[in-house]
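Trainee: Got a structure here, written out as structure tokens. Questions coming.
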Amino acid sequence: MLSDSVSQWDRCSVENNLHICYHDEYLETVSEVLEKIPKFWELTEEQKSYCAEVKRYLAKIDGDIATTYKLKFRPQKFLAVLDEIYEKFDEDREPTESSLKRAVMKFLLELSRFGEDIRNSDEAEEGCSTRLFCSFAEMCCMHSEISLDKGDCTIWKNFKGLTDVTSLPDIRLYSYGIKTTKTATARSKIPVSVVEVKKSVEKQLGESELLDPLTERLESTDLSSSISSLASSEDSYRKPPIEEYLMNSTSLGQHAGQLLLELHKCHKDYKNCPILTMSGMIIDGTKVLFTVLEMKKGHLKKLENNEELDEDDKAVMYYSQPFDLIYSDERSILIDNIMRLNNLEL
């Protein structure tokens, strides 16, 4: 039985009642996830140039000086690097847009606050992770909207015998673009990604405490060598399904419900598109997983009309492995792909 709030949905209920299932394992790259969206264009030359500038400013920040684990015990080097980047802003003679510099500085400010919060407590609070990710997304030319109260709810009336079903995602992202224009403003009325921020379960009890094997592998190597290592040991290392990252059935059901309700809200005019999609993300501290809900138009229509579903009605939640915005290689992937969300067409 489904609750009237998607925050109470679990994975089992979503699979049994709505036929929405998570893919068996993560897709290797973010592109594989986002390319499930039919109309999704590559970065323009202007966007590539902008992303390169952002990466240049942040190049000194990397996992060799900081992870959420290291920040608890050794924050000085990390915070010193942020100060160094700040100091060099005025010395930088490269012709850089002032709006880009402001966005980078805002992200650095939130990253500094995040480091201080980690140092002063055992784990990153959701609010801290929310602010950090919003500043990161805005640095990638997205408009982030944080849900504050019931007025930000998405509502599906007369759903599965319930009067109203509500969803309140932590963040909605809207395309905004590098330059603010009337076209960009018009496009930004529909969310291109729905974001859930979860409270990290990674405990940091002592400097000698070992991290879980997957996190340790990701945090001790760069992304390319991690992927290479994973690929070269297929027999001994299985690609983990998403529950091994989150360990929380309710988080999975809630996120699927959030994407479903936004899909219902945004696709009033189906036109000739037989496959419908809604993109999302799950944030865990500084780690970001990309998700996409893929559903047939006929499947959604049956849900809207409260018709019985059959075995052919199968929607899939695709997801990437987590990418950490602290690591330079992984951060570059995040910057490119969040910027690319500006090129999504519903």
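Trainee: Show the residue pairs that are 6+ apart or on different chains and have beta-carbon atoms under 8 Å apart, the first residue being within segment 31-48 and touching a residue at least 24 places away in the same chain (Cβ under 8 Å) and crowded, with 17+ Cβ neighbours inside 10 Å, the second being among the charged types (D, E, K, R) and in a loop (DSSP other than H, G, I, E, B).
Mentor: Every condition considered, the pairs that remain are PHE40/GLU345.
Trainee: Let me ask something additional. Got a number for residues in segment 143-166 being under 30 Å from ALA103 (Cβ atoms), in contact with a helix residue (DSSP H, G or I) (Cβ under 8 Å, 6 or more places away or on another chain) and aliphatic (A, V, I, L, M)?
Mentor: Total meeting the criteria: 1.
Trainee: Which of the residues spanning segment 23-47 are part of a helix (DSSP H, G or I) and more than 23 Å from TYR176 (Cα to Cα)?
Mentor: Passing the criteria: only GLU32.
Trainee: Taking interchain pairs and intrachain pairs at least six residues apart, which have beta carbon atoms under 6 angstrom, with the first residue in segment 146-165 and under 25 Å from ILE283 (Cα atoms) and the second loosely packed, with under 13 Cβ neighbours inside 10 Å?
Mentor: Taking only residues 6 or more apart or on different chains, the pairs are ILE155/ASP164.
Trainee: Out of everything in segment 140-179 that is surrounded by fewer than 13 Cβ atoms within 10 Å (Cβ to Cβ) and farther than 27 Å from GLU304 by Cβ, what residue ends up being modelled with the highest pLDDT?
Mentor: Only one residue fits best here, namely LEU148.
Trainee: Somewhere in segment 197-209, is a residue at pLDDT 90 or above and either crowded, with 19+ Cβ neighbours inside 10 Å or over 23 Å from the mean Cα position of the chain (by Cα) (or both)?
Mentor: yes
Trainee: Now for a different question. Looking at (1) at pLDDT 85 or above; (2) within 22 Å of the chain's Cα centre (by Cα), which one does ARG102 not meet, given that it meets all the others?
Mentor: Condition not satisfied by ARG102: (2).
Trainee: Same structure, new question: One residue is enough: does segment 230-251 have a residue meeting the conditions at pLDDT 90 or above, surrounded by 15 or more Cβ atoms within 10 Å (Cβ to Cβ) and not β-branched (Val, Ile, Thr)?
Mentor: no
Trainee: Could you list, in sequence order, the residues of segment 271-310 that are of a type outside the set (A, V, I, L, M, F, W, C), more than 21 Å from GLU35 (Cβ to Cβ) and touching a residue at least 60 places away in the same chain (Cβ under 8 Å)?
Mentor: Selection gives ASP284, GLY285, THR286, ASN306.
Trainee: Can you name the residue in segment 306-346 that is outside any helix (DSSP H, G or I), aliphatic (A, V, I, L, M) and modelled with pLDDT of 95 or more and is also surrounded by the fewest Cβ atoms within 10 Å (Cβ to Cβ) among such residues?
Mentor: LEU309
Trainee: Starting from segment 110-121, take each residue that is farther than 12 Å from LEU132 by Cα and list its partners that are of a type in the set (A, V, I, L, M) and assigned to a helix (DSSP H, G or I), counting only C-beta distances under 8 angstrom and pairs at least six apart or across chains.
Mentor: Hits for this filter: GLU116/LEU79; ILE118/LEU71; ARG119/LEU71.
Trainee: Run MET1 past the list (1) assigned to a helix (DSSP H, G or I); (2) among the hydrophobic types (A, V, I, L, M, F, W, C); (3) surrounded by fewer than 19 Cβ atoms within 10 Å (Cβ to Cβ) and report the number of the one that doesn't hold.
Mentor: Evaluating MET1 over (1) assigned to a helix (DSSP H, G or I); (2) among the hydrophobic types (A, V, I, L, M, F, W, C); (3) surrounded by fewer than 19 Cβ atoms within 10 Å (Cβ to Cβ) leaves (1) as the failure.
The values are calculated or read from the model by the stated rules, or taken from the named source; none is laboratory data. Everything numeric here is computed off the predicted structure, so don't read it as measured data. When we count neighbours, we look across all protein chains shown, and the Cβ atoms used for this are built from the backbone with ideal geometry, even at glycine.
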